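The values are calculated or read from the model by the stated rules, or taken from the named source; none is laboratory data. For clarity, every value in this text was computed on a predicted model and none was experimentally measured. As a convention, Cβ positions derive from the backbone with ideal geometry for all residues, glycine included, and neighbour counts pool all protein chains shown. Each accessible area value is taken on the protein alone, full model and side chains, heavy atoms only, with ligands, DNA and RNA left out. Shrake-Rupley method; radii C 1.70, N 1.55, O 1.52, S 1.80 Å.
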Amino acid sequence: MTRGPVLTGEIARLRPIEATDADRMWESLQDPEAMRLTGTTADFDREQIDEWARTVSDRPGRYDWAVTPAMTRGGELVSDEMIGEIVLNDIDEDVRCANLRLAQLPAYRGRGYGRDAIDQVLRYAFDGDGAGDDGPRLHRVQLDVLAINPRARALYESLGFVLEGRQRDAALDGDSYCDVFLMAVLEDDYRSRDA
């Protein structure tokens, strides 16, 4: 069972995805801009999403978190509703590497939630949660970003990800192709960024 810890940053709180997140996951798949910017071309039906939300946090080799606001009032969460998801998947325990993926609902893009969520996941991936869970103790976290998404690329670079390569015409953007950039951050990159 891979279910990860709850991670709390400055503005975002990450908790394992639950069955109750299926509505928001379905909503995110109805967003044409998100589908375009992430290169998602697969079609999913509602039953598949319900099953995925119910089971994904217990699947091995991955951590799937719902991004929620970290705001509290009187010590109680204002909302635990999913505003996005962040995933650390394809974990290779021998090589100590994994892939990162982030998706947010439209109303929450550009407000700092993604940056805070990525920072928390990187901290967990490299150093654990600081509360006794050592995390996966990775050496490398990588991701793909489409050339049509320069805003995401700039965000990743600001968090220490380095451009490592370009796959020409590797994704579809409507009826045309676009390039895909491979980016990664190593544990030493991450630690020197925070020093």
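Remarks
- Note that region 77-137 presents 46 Å² accessible area per residue, ligands and nucleic acids not counted, probe 1.4 Å.
- Per principal axis, descending, Cα span of the chain in whole Å: 50, 41, 31
- Length gained when the stretch ASN89-ARG166 is fully extended (0.36 nm per residue, less Cα-Cα span): 25.6 nm
- The value given for region 96-142 is a Kirkwood hydrodynamic radius of 11.6 Å, derived from the mean inverse Cα-Cα separation.
- Multiplying the residue separation of ARG137 and SER192 by 0.36 nm and removing their Cα-Cα distance gives an extension gain of 18.2 nm.
- What separates the Cα centres of region 121-176 and region 17-42 is a distance of 19 Å.
- Accessible surface of region 50-195, 1.4 Å probe, proportion on carbon and sulfur as whole %: 45
- Counted charge near ILE17, where neighbours are those whose Cβ lies closer than 11 Å (Asp, Glu -1; Lys, Arg +1): +1
- Across region 7-162, the mean sequence separation of Cα contacts (distance under 8 Å, 6 or more residues apart), normalised by length, yields a relative contact order of 23 percent.
- Seen from GLU85, the other residues with C-beta closer than 10 Å to its C-beta sum to a net charge of 0, counting Lys and Arg as +1 and Asp and Glu as -1.
- Distant-in-sequence amide contacts of VAL162, defined by a placed amide H-H separation under 5 Å and a gap of 5 or more residues or a different chain, comprise ALA184, VAL185.
- Around ARG62: net Lys/Arg minus Asp/Glu count, Cβ-Cβ under 13 Å: -3
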